[in-house]
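The values are calculated or read from the model by the stated rules, or taken from the named source; none is laboratory data. The shown structure was predicted, so the numbers you read here are calculated from the model rather than taken from an experiment. With ideal geometry, Cβ positions are generated from the backbone for all residues, glycine too; neighbour counts draw on all protein chains shown. These accessible areas exclude ligands, DNA and RNA; they are computed on the full protein's heavy atoms, side chains included. Shrake-Rupley method; radii C 1.70, N 1.55, O 1.52, S 1.80 Å.
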Amino acid sequence: MKTRITELTGTRYPIIQGGMQWVGRAELASAVSNAGGLGILTALTQPTPEALAAEIERCRTMTDKQFGVNLTILPTAQPVPYEAYAEVIAGSGVGVVETAGRSPAEFIARFKQAGVKIVHKCTAVRHALSAQRAGVDAVSIDGFEAAGHPGEDDIPGMVLIPAAARALDIPILAAGGMATGRSMAAALALGAEGVTMGTRFMLTKEAPIHEAIKQAVVQGSERDTTLIFRQLRNTARVFRNAVAEEVNVKEREPGATFENIKALVAGARGRAALESGEVDGGLVWAGLGIGLMDDIPTCAELIERIVGECRDALARATALTAE
C-alpha cells in the first residue's frame, strides 16, 4: 500500500501500533514492524530516560525495520523529565515519534533537527489544526470509540475522521475502533491515509501481558468497556472490570475528588494486573473495538489479514457502486 503515511514512516502498510502504557515494549513493537506496520515503544513505560535508550537498543536487536516511540505528555502525580525523554528519542536515530496529551510544540524543533517525523494524537479537529500549525507531520485522530482518553467532545470516528480530513492539509491516521480490515477500509473511505490500532495489538501473541488478561478482553463485547473520570473531565475508556465499576461508583459520590479514587487507578496497580493476569486487579485499558475481536493472532497474521480484508472490502464497495 502507498499513502502519505507509508511515505512518512517507511513502512509497507499504513498501520501504526499506538503507544500503550506497560504494553509498548520491544517484543510487540518489533513484531509489528517486522510484519510491515510501524511498531511503537512507549517511553513512559520505562522508568528513566536511560532505560528508554536501552529499550530502543533492545528493539533494534529484534527488528531491522523502522519503529517509533510514543511520548505522552500529561499531568502526573510525580514529576516526569519529559525533556530528557525527548532528548533520548531525538538522539536515538528512531524515525518517528508519536506524541499525545498536551501539545508537543516545545519539542518539535529538536525532533525536526534530528530528522524525526512527528505524529500527534488528537481527539478534536481544533486540536489537530493547532498541531498542524505547530509543525507536526501527521495526526492520529482518535474517535470516541478509542481506549485511553478520547477527549470530552464525544465525537465518534464516523464524523471525526472526515471532519479532520476536510480541515487538514497533513495526512491523518484514523484511531478508535480500528480492529478489522473493514475498519481500515472505512477509514480510508472517510479520508484517512492509515490507521492506528492499540487494543487490537494488545490482543496479539507478542503483546507482553498475561494471557488471562488477553482472554478476558477478547471475550468482551462492544458493551464491555466503560468510561471513568467523567466527573473530573478527564474521560478515559477502560475494560469493564471490578476496579472500573468501583471507580464509577466512587467518583459519583457528592464532593468526590481524584483523591477518592487515586489508589484504585494507580499505574503500578494496573501494571501488576497486566503482569499477574488478575483481571480485576487494576485498570485494563480497552476500546469499543473489542466487540470486533475474537482471537489472539500473531502480529504478522493480524496485519496480513487486515490488509486482505481491507482490499476485499474496498473492492466490494467499488463493485456495488459501479455503473
Expressed in angstrom and rounded, the centroid-to-centroid distance over alpha carbons for the stretch 209-262 and the stretch 110-146 is 27
Calculated from DSSP helices alone, with each H run of at least 4 adding -39500 (n - 2.57) and the total divided by the residues of the chain, [θ]222 nm to the nearest 500 comes to -12000 deg cm²/dmol
What is the local net charge at G291, summed over the other residues whose Cβ is closer than 9 Å to its Cβ (Lys, Arg +1; Asp, Glu -1)?
-1
How much area per residue is accessible in the chain when the probe is 1.4 Å and only protein heavy atoms are counted (Å²)?
43
Heavy-atom accessible surface of the chain: percent carbon and sulfur, 1.4 Å:
52
Given axes a ≥ b ≥ c from the Cα gyration tensor, I'd like to know whether the stretch 189-290 is rounded (a/c under 1.5), prolate (a/b larger than b/c) or oblate.
oblate
Taking Cα pairs closer than 8 Å and at least 6 residues apart, the relative contact order of the stretch 1-78 in percent is 30
Binning at 5 angstrom from zero up to the longest distance, how are the C-alpha pair distances of the stretch 112-208 distributed in percent?
3, 15, 25, 23, 18, 10, 6, 1
If I model a spin label at V249 and R126 as a point 7 Å from the Cα along the Cα→Cβ vector, what separation in nanometres do I get?
3.7
Report the antiparallel proportion of the DSSP beta bridges in the chain as a percent, rounded to a multiple of 5.
20
Mean separation of Cα contacts under 8 Å, 6 or more apart, over the residue count of the stretch 186-323: relative contact order %
30
What ranking do 257-269, 25-37, 55-67 get when scored by the average of other Cβ atoms within 10 Å per residue, highest first?
25-37, 55-67, 257-269
For the ranges 10-23, 307-320, what's the packing order if you count other beta-carbon atoms within 10 Å of each residue, average per peptide, and put the highest first?
10-23, 307-320
May I have the count of lysine pairs in the chain with C-alpha atoms under 28 Å apart, counting pairs 8 or more residues apart or located on different chains?
18
How large are Rg and Dmax for the chain when calculated on the C-alpha trace, in angstrom?
18.6, 62
Using alpha-carbon pairs under 8 Å, 6+ residues apart, how would you state the relative contact order of the chain in percent?
16
For every other residue with a beta carbon closer than 9 angstrom to the beta carbon of T180, add +1 if it is Lys or Arg and -1 if Asp or Glu, then tell me the sum.
+2
Lys and Arg at +1, Asp and Glu at -1: add these up for the other residues within a Cβ distance under 14 Å of E275 and post the number.
+1
Rounded to one decimal in nm, the spacing of the 7 Å Cα→Cβ label points at R133 and E309 is 3.9
Any residue on another chain or 5+ positions along whose placed amide H is under 5 Å from the amide H of I155 is listed here as F144
